[in-house]
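Worksheet: the structure to be examined is printed underneath.
The values are calculated or read from the model by the stated rules, or taken from the named source; none is laboratory data. Not measured: the values here are computed from a predicted model. Positions of Cβ are backbone-derived with ideal geometry, glycine not excepted, and every protein chain shown enters the neighbour counts. Each accessible area value is taken on the protein alone, full model and side chains, heavy atoms only, with ligands, DNA and RNA left out. Shrake-Rupley method; radii C 1.70, N 1.55, O 1.52, S 1.80 Å.
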There are 2 protein chains.
Amino acid sequence: MQGKIIIPHRQVFITSAASVAGHEENAGPLAGRFDITDDGDDRFGMDSFEKSEAEMQRLVLNCAMNKLGVTENDVEIVFAGDLLNQCVSSAYAYTENEIPFLGLFGACSTAAEGLLMASVFTSFAVDCAAAVTSSHNCTSERQFRFPLEYGAQRPPTAQWTVTGAGAFIVSADPQTGNRADGLAVEIAAALPGISRDFGINDANDMGAAMAPSAADTILRYLSLSGTSPEDYDLILTGDLGQRGSELLRDLTSSHGVDISQKHADCGVMIYDIDGQDKHSGGSGCGCSAVVLAADIIPRIRAGELGNVLFIGTGALMNPQALMQGENIVGIAHLVHLKGVK
Amino acid sequence: MQGKIIIPHRQVFITSAASVAGHEENAGPLAGRFDITDDGDDRFGMDSFEKSEAEMQRLVLNCAMNKLGVTENDVEIVFAGDLLNQCVSSAYAYTENEIPFLGLFGACSTAAEGLLMASVFTSFAVDCAAAVTSSHNCTSERQFRFPLEYGAQRPPTAQWTVTGAGAFIVSADPQTGNRADGLAVEIAAALPGISRDFGINDANDMGAAMAPSAADTILRYLSLSGTSPEDYDLILTGDLGQRGSELLRDLTSSHGVDISQKHADCGVMIYDIDGQDKHSGGSGCGCSAVVLAADIIPRIRAGELGNVLFIGTGALMNPQALMQGENIVGIAHLVHLKGVK
């Protein structure tokens with residue numbers, strides 16, 4: 001059993017979470033729960049979608065800091081990444097503040113990777129860190145698949161890249177700032193994923209590429225921690241969609257572990273899939289980030305969910321590599337969240 | 001003064017370093033010092049340059065592990081990143097081993113960012129981590145500038161992307177494996193960079209975009225640590241090239257800090273710039289990684305250099321963003337290396 005569970009060296013907490021979302025996301029089941037939305041054209045006042053996505057990261061970090069009552073002088077480091085070539089949404093988002101910046105690339109697993117990083121760094125190196133990520137439907141579609149103007153048909157396995165950004169502030173002190181009432185959200189443990197090639201090479205079937213990685217990370221975590229699905233209130237994957245979720249449940253079942261009563265997927269939760277014609281569901285770095293920030297963390301704070309395994313799922317690929325005959329590499333990073341008094 | 005120096009929670013050491021380089025690099029001043037070279041067509045046996053670059057990362061990590069006498073079961077995590085869209089060289093490099101993988105994007109600062117990450121993680125979370133990065137002239141040129149076949153003319157400020165990969169194994173125990181004789185190389189401290197936009201938007205003048213970031217990080221580190229250039233044997237930047245190096249020295253001088261007697265740049269060191277017609281010098285993630293692995297770390301081990309500030313410099317941009325009128329964002333991460341008995 002390869003890998004080791006990372007336990008923060010001191011208790012660390014998600015003390016603030018914020019979400020920014022587009023109009024399609026704010027028309028789904030989580031409507032009204034996002035902190036900032038653009039219910040018009042998803043441009044957030046900018047003249048290109050790439051700039052819109054950087055603006056979303058700026059907005060969401062500012063929002064998370066404001067909710068907590070802290071400023072850029074209090075946040076000692078920001079971890080950020082996104083799907084754009086050379087992660088430019090993240091690169092352009094933080095040039096106007098003075099927060100030290102460490103760039104990540106975990107594709108759609110970035111929210112989990114950022115939380116993992118923040119939990120390690122706040123263990124001793126800093127007292128307060130931020131993890132931010134974003135995706136935008138219009139930047140992703142034209143970069144990874146087709147320009148929107150082509151109106152390309154999408155197969156049933158295709159997912160819809162979420163227009164959304166999430167920011168999480170991780171602090172060693174649960175009382176940092178004026179945190180909202182309720183339980184504190186502890187990052188109790190984390191498990192980095194292993195990159196794996198399962199032979200999937202269809203950019204319209206990302207769920208299939210990521211599901212085996214999610215299964216691998218979940219099974220490793222349960223085994224290494226000596227726990228079972230019954231010990232958790234929720235096993236939440238990032239963006240497997242309907243198809244990837246079915247595959248994940250089948251895969252864990254084939255290893256004798258039934259997660260079906262505990263599993264949910266952010267890509268399935270974020271849209272009314274049939275009503276909004278979203279095929280297999282949502283995807284993208286922003287998918288799990290906004291669902292975690294807008295729905296799951298408030299439910300942990302309210303005491304509704306006590307023990308949550310959050311598994312960020314990522315598909316590591318680019319279109320050129322697929323044209324060169326490479327497969328899509330899957331990765332899945334896990335963080336274990338707990339509501340504590 | 002924003003930012004905080006990160007001091008590892010326990011002593012951590014670079015216990016192994018390896019380098020893989022192409023034929024142009026092995027024809028320069030460091031010829032014969034690299035562990036593995038392709039002195040023919042820089043393909044390393046693969047049928048596309050993108051696959052060659054992934055192969056270089058695989059080779060260099062294996063080489064670093066072999067030199068130390070450890071296996072993939074001993075390395076508990078690998079931090080890796082590169083310049084390709086969605087960091088695919090890194091993504092494809094580790095699917096055949098079982099090492100947990102955390103992807104980074106720091107552009108050409110990735111070697112320093114990886115060492116910083118590894119020093120924090122080996123402080124308590126793991127005992128042994130690897131940091132790996134790569135660049136390849138043929139993959140970078142066609143992605144960032146022009147297809148090689150165009151034979152585009154390059155201005156004097158242009159840099160030459162290094163074909164090279166470096167791997168560093170960071171361990172809490174300096175006696176891990178059968179480390180080569182000599183002093184141990186301690187990572188004594190690190191300082192994450194702040195992303196900054198200085199208004200440069202010429203992809204053929206990366207040195208100018210990164211020099212102010214290097215100056216900023218160096219000046220912050222000296223100020224925060226209460227030290228001066230005289231306290232160090234070497235202040236080594238990653239890939240500013242000749243032009244960026246001049247700018248850096250001017251910038252620090254304008255703040256009353258003269259680094260000219262201590263400063264060297266990997267991008268200047270790696271080529272016989274005039275003899276090899278390399279314009280402003282080398283660049284790319286691999287540039288600082290191979291110079292550090294092949295030249296600097298052996299000199300620290302030999303006792304020739306006792307105190308080294310290594311500043312990885314990165315230009316955060318993509319060609320589309322520049323066409324949309326954005327500037328190149330600079331970043332510079334610092335690690336402080338010490339030879340210790």
**Item:** Estimated dipole of the protein assembly as shown in Debye, rounded to 20 [Cβ of Lys and Arg +1, of Asp and Glu -1, Cα centre]
**Value:** 1300
**Item:** Estimated vicinal HN-Hα couplings, Hz - the range B:65-82 in sequence order (Karplus 6.51, -1.76, 1.60; Gly, Pro = x)
**Value:** 5, 4, 4, 8, x, 10, 10, 5, 6, 8, 7, 8, 6, 10, 9, 8, x, 7
**Message:** List the aspartates and glutamates whose Cα sits under 15 Å from the Cα of B:LYS278, skipping any in the same chain fewer than 8 residues away.
**Reply:** B:GLU24, B:GLU25, B:GLU141, B:ASP205, B:ASP239, B:ASP265
**Prompt:** What part of the accessible area of the range A:71-213, given as a whole %, is carbon or sulfur when the probe is 1.4 angstrom?
**Reply:** 48
**Fill in**
Net charge near B:MET65 (other residues with Cβ under 9 Å of its Cβ; Lys, Arg +1; Asp, Glu -1) is -1
**Request:** With a point put 7 Å past each Cα toward its Cβ, work out how far A:ASP277 is from A:GLN2 in nm, to one decimal.
**Result:** 4.3
**Message:** Could you tell me which residue out of A:SER16, A:CYS63, A:GLY81 lies farthest along the dipole of the range A:14-101 toward its positive end? Charges go on the beta carbon: Lys and Arg +1, Asp and Glu -1, centred on the Cα centre.
**Reply:** A:SER16
**Request:** Rounded to whole Hz and in sequence order, give me ³J(HN,Hα) for the range A:152-158 from the Karplus expression 6.51 cos²θ - 1.76 cosθ + 1.60, θ = phi - 60°, writing x for Gly and Pro.
**Result:** 4, 6, 10, x, x, 7, 5
**Request:** Go through the range A:181-196 residue by residue and turn each phi into a ³J(HN,Hα) via Karplus (6.51, -1.76, 1.60, θ = phi - 60°); whole Hz please, and just put x for glycine and proline.
**Result:** 4, x, 5, 7, 9, 8, 8, 7, 6, 8, 9, x, x, 10, 6, 9
**Message:** In Å², and per residue, what accessible area does the range B:1-125 have when probed at 1.4 Å with the other protein chains present?
**Reply:** 28
**Item:** Residues whose placed amide H lies under 5 Å from that of A:ILE194, excluding near-sequence neighbours
**Value:** A:ALA332, B:PHE101
**Complete:** About its Cα centre, the range B:108-201 carries a charge dipole, from +1 on Lys and Arg Cβ atoms and -1 on Asp and Glu Cβ atoms, whose size in debye to the nearest 20 is 380
**Fill in**
The farthest towards the positive end of the charge dipole of the protein assembly as shown, of the residues A:ALA264, B:ILE297, B:CYS285, given +1 on Cβ of Lys and Arg and -1 on Cβ of Asp and Glu, is B:ILE297
**Message:** Label position 7 Å from Cα toward Cβ: report the copy-to-copy distances for A:ARG299 in nm, one decimal, ordered from shortest.
**Reply:** 5.8
**Prompt:** What nm distance separates the two modelled labels at B:ASP173 and B:ASP233, each placed 7 Å from Cα along Cα→Cβ?
**Reply:** 2.7
**Item:** Copies compared at A:GLN175 - label distances in nm, ascending, label defined 7 Å from Cα in the Cβ direction
**Value:** 4.5
**Asked** Which of B:ILE328, B:THR217, B:GLY164 sits farthest toward the positive end of the charge dipole of chain B, with +1 on the Cβ of Lys and Arg and -1 on the Cβ of Asp and Glu?
**Response** B:THR217
**Asked** Are any of the pairs A:LYS67/A:LYS341; A:LYS67/A:LYS338; A:LYS4/B:LYS4; B:LYS67/B:LYS341 more than 23 Å apart by Cα-Cα distance, and if so, which?
**Response** A:LYS4/B:LYS4
**Prompt:** Sequence-distant or interchain residues sharing an amide H contact under 5 Å with A:LEU104, placed H: which?
**Reply:** A:ALA80, A:GLY81, B:PHE105
**Request:** For the range A:78-106, list whatever residues lose no less than 30 Å² of accessible surface once every protein chain is in place, relative to that chain by itself, with the probe at 1.4 Å.
**Result:** A:ASN85, A:GLN86, A:VAL88, A:ALA91, A:TYR92, A:THR95, A:GLU98, A:PRO100, A:PHE101, A:LEU102, A:GLY103, A:PHE105
**Complete:** For B:HIS263, other-chain or 5+-apart residues with amide H closer than 5 Å (H placed, Pro excluded) are B:ILE235
**Request:** Report the relative contact order of chain A, percent, no decimals, based on alpha-carbon pairs under 8 angstrom and at least 6 residues apart.
**Result:** 26
**Asked** Buried accessible area for the A:B pair, summed, 1.4 Å probe, in Å² rounded to 100?
**Response** 5400
**Asked** When the helix-only estimate is applied to the protein assembly as shown (DSSP H runs of n ≥ 4, each -39,500 (n - 2.57), divided by the residue count), what is the mean residue ellipticity at 222 nm, nearest 500 deg cm²/dmol?
**Response** -8500 deg cm²/dmol
